Amino acid sequence: AMTPTTIALLSLAAFIAGVVDAIAGGGGLLTVPAILTVGLPTQLTLGTNKGQSVFGSAMALWRFWRAGRIDPRRIPIAFGLGLGGALVGAWTVGLVSDQVLKPVVLGLLVVVAIFLTVRRDFGERAGGHYSPWRSAAIAVMIGAYDGFFGPGTGTFLIMAHGEEYGHHDKQAEHHR
């Protein structure tokens, strides 16, 4: 059983991670180590993190939709391929023992944290109007990453499609 202090510290970590997610993304970089610290198995930690992060993802989708930054023609294919990739990633997590998975997850936390800290220009140079094949590959790869691990997924999506969204905004401003 968890002590009230542990629950309070996990709640604080979740709150701070929510603020970080709202500002810059990557809140899972805080919640995953916090949950691992209390001794939950790695697979359960990743599932718990995904359970809470789905709400932030839903809000981001809603905001992008309202801002006109989502091409409705791409939704069925991108969603299907992203979901397929996520299922493969989650299935893979279930196949890996905790003794192997925990060091992999800790390593990914460090690599993603460093990458997101160093790469502050995300979304400014990447992106563009991709071919359907490239868009499909992006959906599958990011879906698999999100299903296997997760933290930083939103940032990687912005990096993959950033210029395209920026281009869309510039076109909209030009037509006003």
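The values are calculated or read from the model by the stated rules, or taken from the named source; none is laboratory data. If you're wondering where the values come from, they're calculated on a predicted model, not measured in any experiment. Methodologically, a virtual Cβ is constructed for each residue, glycine included, from the backbone with ideal geometry; neighbour enumeration extends over all protein chains shown. These area figures cover heavy atoms from the full protein model, side chains too; ligands, DNA and RNA do not enter into them. Shrake-Rupley method; radii C 1.70, N 1.55, O 1.52, S 1.80 Å.
Of Leu61, Leu87, Leu36, which has the largest mean-square fluctuation in a 10 Å C-alpha GNM of the chain?
In the Gaussian network model the winner is Leu61.
Students often check this: by mean Cβ neighbours within 10 Å, which of 19-32, 67-80 ranks highest, and how do the rest follow?
19-32, 67-80
Out of the total accessible area of the chain (probe 1.4 Å, heavy atoms of protein only), what percent is carbon and sulfur?
Here carbon and sulfur together make up 70 percent of the probe-accessible area.
Mind checking which of Gly51, Gly18, Gly152 has the largest fluctuation in a GNM of the chain, springs on alpha carbons under 10 Å?
Sorting by GNM fluctuation, first place goes to Gly51.
When N counts the residues of segment 1-155, how does its alpha-carbon radius of gyration compare numerically with 2.2 N^0.38 Å, as a ratio?
Ratio of Rg to 2.2 N^0.38 Å for segment 1-155: 1.09.
Taking only protein heavy atoms and a 1.4 Å probe, what accessible area per residue, in Å², does the chain have with all protein chains in place?
63
I'd like the FRET efficiency for Ile114 and Ile77, computed as 1/(1 + (r/R0)^6) with the beta carbon distance as r and R0 of 41 Å, rounded to 0.05.
Approximately 0.80, to the nearest 0.05.
Given the rule -39500 (n - 2.57) for each run of at least 4 DSSP H residues, summed and divided by the residues of the chain, what is its mean residue ellipticity at 222 nm, to the nearest 500 deg cm²/dmol?
Value at 222 nm, helices only, nearest 500: -26500 deg cm²/dmol.
Can you name the helices of the chain, as whole DSSP H runs, whose Cα span along the helix axis is 15 Å or more and whose Kyte-Doolittle mean is not below -1.0?
Helix filter hits for the chain: 4-23, 42-66, 75-95, 98-118, 132-148, 153-174.
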